[in-house]
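Here the structure is laid out as structure tokens; the discussion comes afterwards.
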Amino acid sequence: MTGGAALAPDALGPTVTVGEILVEIVATTIGEGFREPQPLFGPYPSGAPAIFIDQCGRIGGSAAMIGAVGADDFGRLNLDRLARDGVDVSAVAIDPDLPTGSAFVRSRADGTRDFVYNIAASAAARFGWTAPVEALVTRAGHLHVMGTALSMPSAAAVIERAVGIVKGRGGTLSLDPNLRKELRPDPATEARFARLVASADLLLPSGEELERAAGVAGEAAAMERLFALGVREIVLKRGAAGATCFRPGAAPVEGPAFVVEEVDPTGAGDCFGGAYVACRRLGMGVEQALTYACAAGARNVSLRGPMEGAGTRAELDAFIAATERRG
């Protein structure tokens, strides 16, 4: 790394993420769960790591994915989308026996969402350390970890092995502590999470995830604790209130949110993270990277489907020029 930058430059090698690749089926009605027949949209390519890396590739960063899909239409849908958007899928396995993972999503009236996942019994959770995975990791410049992947033993094993390799060649690590309640984290998952926090260069938490990552209550105390652990940059995602970047010894940098009509909130934080990591690795300053990240998240929620709004740099430039920002 040069010039005190938090993340290794894009030229060192691609940003790599590991984890679930899914299709998403979205309910068109607002309500509680899936206990009755209802109209649905989809399938859409999805999975938190896949959404992140798709946005990373779309905006121009070098990007690659480790995971698995089934030998079915849902798997092909995902591979075609990722490859089209510039993501290297050479380390994505195709399982001949298990189906591609899936998630059914329905929004509630209070803005929260219900999820019904099939990950553990799908191809999404069945991959490991193969020759293509090793070839990719040994040339990676950055590893991004989503908390959702940590409850999958296959992904967790690959991540733990990859961290040392990537960091050993001068690469960096970012972590989005997105441990969903539906995925039932256990003590082993929590221990993996703590080790990753201590190794991370960049954290991208939302809300209470900041305190969970730090293990202490209060925003200021959490920041102090995380910086003491060695984290170099923390971007706190605040949803409709935008985002704030914190760095040791520097004034916070605010990223005001864009004003949009929300159609589908799924994937907003993942697109935010993909844009932010790519922009920082491409040499942009914090303020510019925050602007693109906020635009990526806002543009994505304006369309139905978890990665349908992931934008190229030109598309995000047009969105920024045309869209009002909050004060």
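Every number in this text was worked out from the coordinates using simple rules, so none of it is lab data. Owing to the predicted nature of the structure, the values given are computational and were not obtained by experimental measurement. Positions of Cβ are backbone-derived with ideal geometry, glycine not excepted, and every protein chain shown enters the neighbour counts.
For region 74-153 and region 218-235, what is the separation of their Cα centres, given in Å?
First find each Cα centre; the distance between them is then 29 Å.
Highest mean first, how do 30-43, 7-20 rank when packing is the count of other Cβ atoms within 10 Å averaged over residues?
7-20, 30-43
Under 12 Å from the Cβ of Phe319, count the other residues' Cβ atoms, weight Lys and Arg +1, Asp and Glu -1, and hand me the total.
0
As a test of understanding, state the convex hull volume per residue of region 169-257 from its alpha carbons, in Å³.
114
In whole Å and largest first, what semi-axes does the C-alpha gyration tensor of the chain yield when each eigenvalue is scaled by 5 and square-rooted?
27, 24, 20
Below 11 angstrom from the Cβ of Glu160, what's the summed charge of the other residues (Lys, Arg +1; Asp, Glu -1)?
Combined, the nearby Lys, Arg, Asp and Glu give +3.
So how strong a dipole does the chain carry about its Cα centre when Lys and Arg Cβ are +1 and Asp and Glu Cβ are -1, to the nearest 20 debye?
I would put it at about 640 debye.
Summing +1 for each Lys or Arg and -1 for each Asp or Glu, what net charge is found among the other residues whose Cβ lies under 13 Å from the Cβ of Arg238?
For residues surrounding Arg238, the net value is -2.
Assuming a ≥ b ≥ c are the square roots of the Cα gyration tensor eigenvalues, decide whether region 114-186 counts as rounded (a/c under 1.5), prolate (otherwise, with a/b larger than b/c) or oblate.
In terms of gyration-tensor shape, oblate.
For region 221-326, what is one quarter of the convex hull surface built on the Cα atoms, given in nm²?
6.8
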